[in-house]
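Novice: Before we start, here is the structure in question, set down as structure tokens.
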Amino acid sequence: TRDSFLFHPLFSPPPAGGGELDKDRSAALLSWISLQQLYTNFFYKGCLTLPYRDTKLFKQSKGGQHLNRTIKDILARLLRFTGKIPNKYKFLYPFWLAATLDVVHEEIYFNTLPDEFDGCVIAFASDPHYGPFLDRSRVIDLGQKLNDMQPDIMILTGDYGTNSVTAAEFFDILPPLTAKHGIFASLGNHDYRGKDEDFGHLIKTMNKSGIHLMSNSAHKIQIDDATLCLCATEDILEGQPDFEPLKQDVSDSDFTIFAPHSPDIIPQAVQEKEFDFDLALCGHTHGGQLVIFGRSLHSSSKYGDRFRQGLMQVEDHQLLVSQGVGTSLLPIRLGTRPQIHRITLKKSKP
């Protein structure tokens, strides 16, 4: 379960023959329970008695979801000062780690990939969270690193700022992006937050930047007789995901990349009739942001760590979940590095 802490040999139960946990293991177990519960209850729930968003109460109540988000927004404002803590010194390791950025090279193989797209390079980034924890210079550096990949296609999967206003500012600051076949972007839960006019300004800013928005919509790239489809639904938390507008373009294409913000939509996408995809690219999880013993202290996904990070198989589909660029609530990371991706699509050998 998402709140399980029994995931490390240190915390494993005694042997089947009986026995008791030794004092060191017992102390470590109690310390870890306390740390996890404090982090989850305070920084994510907002108070010790507030129901968690994924409980039945919150699933059935839009008001409950709004209350939970409001408390998180209040906490985010209260914790803005932590963005002033220096991140250039390794002795402040969680702050230093959060300010790094790795370029991860991936080769992903498909039987279904048309020959015309064999070797296609995709620059992929997610979750910059421009604002108090990620400044102007890091936005510029991100844009330069993406352009340096010299991609055929560039894909961005949301949470560009802390809300609609800072998301628009992110695109104003970002250097002009270049990709042979275009830049395509979906929206994250944070990008929806704000007034209607602020959200409208964000969309206009993205369009002005030459970015093709994927929001319950699809775009097709044609090379000779082969067609590649790029598509995304609206965000599963803040939007209204709808697969129907995607189905015709997907069915008319030879290869489909599905690029929503959150991997929580993937189980639904896999079961959706008349909708098929070859590769999904997502963010949202930050790789757990704070990870100990290979598990996140708190998962932003309702599926816990199932879709925490990395390349994985979901039935007969491939899914890559990025650890993302920025952070939320606190400008710290542990056990998970900020990253962007240079993906090369490869046709599997027969």
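Novice: Which percent, to the nearest 5, of DSSP beta bridges fully inside the range 67-217 are antiparallel?
Specialist: Among the beta bridges of the range 67-217, antiparallel pairing accounts for roughly 10 percent.
Novice: Near the amide H of His212, under 5 Å away, which other amide H atoms are found, from residues 5 or more places off or on another chain, if H is placed in the peptide plane?
Specialist: Hits under the 5 Å cutoff: Ile183, Phe184, Ala185.
Novice: What are the ³J(HN,Hα) couplings of the range 129-134, residue after residue, when phi is run through the Karplus curve with 6.51, -1.76, 1.60 and θ = phi - 60°? Round to Hz, x for glycine and proline.
Specialist: Once θ is set to phi - 60°, the couplings for the range 129-134 become 6, 4, x, x, 9, 9 Hz.
Novice: Quick one: order Ser296, Ser253, Ser137 by neighbouring beta-carbon count within 10 Å, fewest to most.
Specialist: Ser137, Ser253, Ser296
Novice: Further question on the same structure: Between Lys349 and Thr82, what FRET efficiency follows from the Cβ-Cβ distance if R0 is 35 Å, with the result rounded to 0.05? Can you show the working numbers first?
Specialist: Details: r = 50 Å, r/R0 = 1.42.
Working from the Cβ atoms, E equals 0.10.
Novice: Applying the Karplus parametrisation 6.51 cos²θ - 1.76 cosθ + 1.60 with θ = phi - 60° to the phi angles of the range 195-205, what ³J(HN,Hα) value in whole Hz is obtained for each residue in order, glycine and proline being reported as x?
Specialist: 6, 4, 5, 5, 5, x, 5, 4, 4, 5, 5
Novice: Considering only the other residues whose Cβ falls under 13 Å of the Cβ of Asp249, what net charge follows from Lys and Arg at +1 and Asp and Glu at -1?
Specialist: So the surrounding residues net to -3.
Novice: Search the structure for amide H atoms under 5 Å from the amide H of Thr227, placed 1.01 Å from N in the peptide plane, and list their residues when 5 or more places away or on another chain.
Specialist: Asp254, Phe255
Novice: Given the Cα-Cα distance of Gln222 and His105 and 0.36 nm per residue of separation, how much length would full extension add, in nm?
Specialist: My answer for the length gained is 39.6 nm.
Novice: If r is the Cβ-Cβ distance from Ser137 to Gln271 and R0 is 56 Å, what FRET efficiency results, to the nearest 0.05?
Specialist: On the way: r = 43 Å, r/R0 = 0.77.
E(calc), rounded to 0.05, equals 0.85.
Novice: Where the Cα atoms of the range 192-269 are projected onto their three principal axes, how long is each span, largest first, in whole Å?
Specialist: For the range 192-269, the Cα extents along the three principal axes come out at 43, 32, 18 Å.
Novice: From the C-alpha gyration tensor of the range 83-236, pull out the three semi-axes of the equivalent ellipsoid (sqrt of 5λ each), sorted largest to smallest, in whole Å. Mind dumping the intermediate values first?
Specialist: On the way: eigenvalues 161, 87, 33 Å².
Result for the range 83-236: semi-axes of 28, 21, 13 Å.
No lab work stands behind these numbers, since they all come straight from the coordinates. Remember, predicted model here, so these are calculated numbers, not experimental data. Here the Cβ is made from the backbone with ideal geometry for all residues, glycine too, and neighbour counts use every protein chain on show.
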